[in-house]
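Heads up, the thing below is written out as structure tokens.
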Amino acid sequence: MGVKSYTRPKLEQSAWRRNLKLVFNQESLTAWLFILPSLIGFVIFFAVPAVRAFMISFTEWNLLRAPKNVGLDNYRELMTDPQFWNALKVTGLYVIYNIPLQTVIGLFMAVVMDRVTKSILVRGLLVLPYLISNVVVALIFLWMLDPLLGYVNAFLGLFGIDRQPFFGSVSQALPTIAGVNIWRHMGFTALLFYAGLQSIPKSLYEAATIDGANEWRMFRHITLPLLRPVTVFVLVTSIIGSFQIFDTVAVTTQGGPVNATRVIVWYIYENAFLFFKMGYATAMSVVLFLILIVVTLLQMRILRADSSDLE
């Protein structure tokens, strides 16, 4: 018994020292130095504000007076707020309009580039819309789609098509906003898929061709399965970005007409900076954060993000 009582602490101490040396050896210190700037930025601009926002969500605060603790009242109000649920519905519709087309078009463009041309100029032109500010893109399309002066309606008139309201229509406003963002992001999505296509061994396509497989069968049984890691990344980042759509709405419709484009982030903005209900707006932000976590986990689980078919 005496030997065990003295040996175990020494063994535990020795293991602790080995772990400490692994963490603070020269290579680890170099890695920490490279990570440190981003880590400091993350803590200051993301982690601390996120914790602060979570605390504010339990208060009533109009930005002019000191916050007043109200417990779970903000979250209870959310459950009975029809505008909140409508904003979630509109946001969900926007995601449905945006993500499938953006992903399919981006994948198609990537396959065409891989099969037809690998020109750097083409890739540069594809990513150009993504490099333009969302606000600038929204202003350009707001002008182009103007019912009276826009080039698009003038072009439609050449074919006898009546002028379309686009951003001014309850039924067309949200699909139009989705179309604007599809145009802006599809080139970047195509480049992500294109990069994934370069990692697929060409020998697989050669073997499939020898076996008599056509283009569609090779795409279905080789390209799509082996692109799954890239597809997961594209879908997760695109859906998170779509749930946070704000600037295009702010420039073009400001939530209208008749709440047709009042997405959740715009509704949060209204409550925080127009109605001065900062606590209530922050509670909605927390709920949106939880929704995005659930949606992301579901995507990664369904698409098996932790495994790869390329082995």
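The values are calculated or read from the model by the stated rules, or taken from the named source; none is laboratory data. None of the values given here were measured: they were computed from a predicted structure. Backbone-built Cβ (ideal geometry, glycine too); neighbour counts: all protein chains shown.
Quick notes
- Of the listed requirements (1) modelled with pLDDT under 95; (2) assigned by TED's automatic domain parsing to the domain that holds residue 285; (3) within 23 Å of the chain's Cα centre (by Cα), residue 155 misses just one: (3).
Okay, residues lined up against (1) in contact with a strand residue (DSSP E or B) (Cβ under 8 Å, 6 or more places away or on another chain); (2) free of Cβ contacts under 8 Å to residues at least 12 places away in the same chain; (3) of a type in the set (A, V, I, L, M, F, W, C):
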{"position": "225", "(1), (2), (3)": "no, no, no"}
{"position": "228", "(1), (2), (3)": "no, no, no"}
{"position": "244", "(1), (2), (3)": "no, no, no"}
{"position": "251", "(1), (2), (3)": "no, no, yes"}
{"position": "263", "(1), (2), (3)": "no, no, yes"}
{"position": "269", "(1), (2), (3)": "no, no, no"}
{"position": "293", "(1), (2), (3)": "no, yes, yes"}
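- Matching option when the condition is of a type in the set (A, V, I, L, M) and farther than 30 Å from residue 257 by Cβ, among 204, 139, 149: 204
- In the range 268-284, the qualifying residues are those that are surrounded by fewer than 18 Cβ atoms within 10 Å (Cβ to Cβ) and over 19 Å from residue 91 (Cα atoms), and the one that is nearest to the chain's Cα centre (by Cα) is 273.
- Scan the range 194-221 for residues that are among the aliphatic types (A, V, I, L, M) and either at pLDDT 95 or above or not in a helix (DSSP H, G or I) (or both) and the total you get is 2.
- For residue 191, the conditions (1) loosely packed, with under 13 Cβ neighbours inside 10 Å; (2) among the hydrophobic types (A, V, I, L, M, F, W, C); (3) not in a loop (DSSP other than H, G, I, E, B) all hold with the exception of (1).
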